[in-house]
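Readers should treat all values here as calculations from the given coordinates under stated rules, not as data from a laboratory. Predicted model, so just to flag it, every value in this text is computed and none were measured. Glycine gets a Cβ as well: all are built from the backbone with ideal geometry, and neighbour counts include every protein chain shown.
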Amino acid sequence: MSAVLNLCLALPLAASLLLLFIPGHRHRFIRIFSLAASLAVFAVSLLLAVRFNRAGGGFQFATDIPWINSPAIRYHIAVDGLSLWLVILSTLLTPLAVVVSWKHIAHRVKEFHVLLLLLEFGLIGVFVALDLFLFYVFWEVSLVPMYFLIGVWGHERRIYAAVKFFLFTMAGSVLMLAAFIYLYNLTGTFDYLALSERLAGRGMTLDPTAESLLFLAFFLAFAIKVPLFPLHTWLPDAHVEAPTAGSVILA
């Protein structure tokens, strides 16, 4: 079990929960606390980079423990050379988002920063999850805060942009979840590494139709999120209507 990676994941969640107990009128303290918490998460992510064994490669700082017995869902997280830098980027953007919103967010300041830290938690989780169901949970966790950041603190057409963002990304999420469930029924696991080994070790060949549908489900899910043409139409509205901090994360 890697304490450092778990700390990187737990800090923004803990900070967002602690913010709930701070009186809402203490705007300055809330901003300072959020900035300090996000900088602490960034520092931990840099510690991951320092300790990462570049010669070893593969997944490092792994934690793999049972979560839900039936179906077999595990709390399995780790980073490789690619996901490590995505984690660092996410933890860098969050304190920047706090800074750029310092004077621009004047109402519901506490709720704004709670959601911003929760969004950071979801983003980090997406990049470190090695269990497909856990990945899906983090994927959805990152969706909800962004919806509210756009819908509550956005500009004139914020409701339209938020709903459009939510509907597009939720449609992709449903397709992705269906693909995950199919793979689980086929292999008996949501674990990414175990799933890869079972598919390769058993020499499984998918039905061409099932293979095409799986590819289509994953392609559409990620094409919406990236986004790719012609599934990109939610992004211009979201960028224009989102608060600056939301645009920083979306970019």
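For the chain, the relative contact order works out to 21 percent when only alpha carbon pairs closer than 8 Å and six or more residues apart are counted. Using θ = phi - 60° in the Karplus curve 6.51 cos²θ - 1.76 cosθ + 1.60, the 3J(HN,Hα) couplings for region 74-83 round to 10, 8, 10, 10, 5, 10, 10, x, 8, 5 Hz; x is entered for Gly and Pro.
Each other residue within a Cβ distance under 11 Å of PHE33 adds +1 if Lys or Arg and -1 if Asp or Glu, for a net charge of +4. Take the Cβ atoms of ASN53 and HIS155, set R0 to 45 Å, and the FRET efficiency comes out at 0.45.
Other residues with beta-carbon under 12 Å from the beta-carbon of MET176 carry, at +1 per Lys or Arg and -1 per Asp or Glu, a net charge of 0. Cross-link reach is defined here as a Cα-Cα straight distance under 18 Å, omitting same-chain residues fewer than 8 places apart; for LYS225 the aspartates and glutamates meeting it are GLU120, GLU140, ASP237, GLU241. Give a quick list of trypsin sites (Lys or Arg not before Pro) in region 1-104 that DSSP marks as loop, anything other than H, G, I, E or B, with at most 13 other Cβ atoms within 10 Å. Qualifying residues, ordered by number: ARG26, ARG54, LYS103.
Positive contributions from Lys and Arg (+1) and negative ones from Asp and Glu (-1), summed over other residues with Cβ under 14 Å from the Cβ of GLY24, come out at +4. Taking the alpha carbon gyration tensor of the chain, multiplying each eigenvalue by 5 and rooting it gives semi-axes of 32, 24, 15 Å, largest first. Over the chain, DSSP H runs of length four or greater, each weighted -39,500 (n - 2.57), average out per residue to a 222 nm ellipticity of -24000 deg cm²/dmol.
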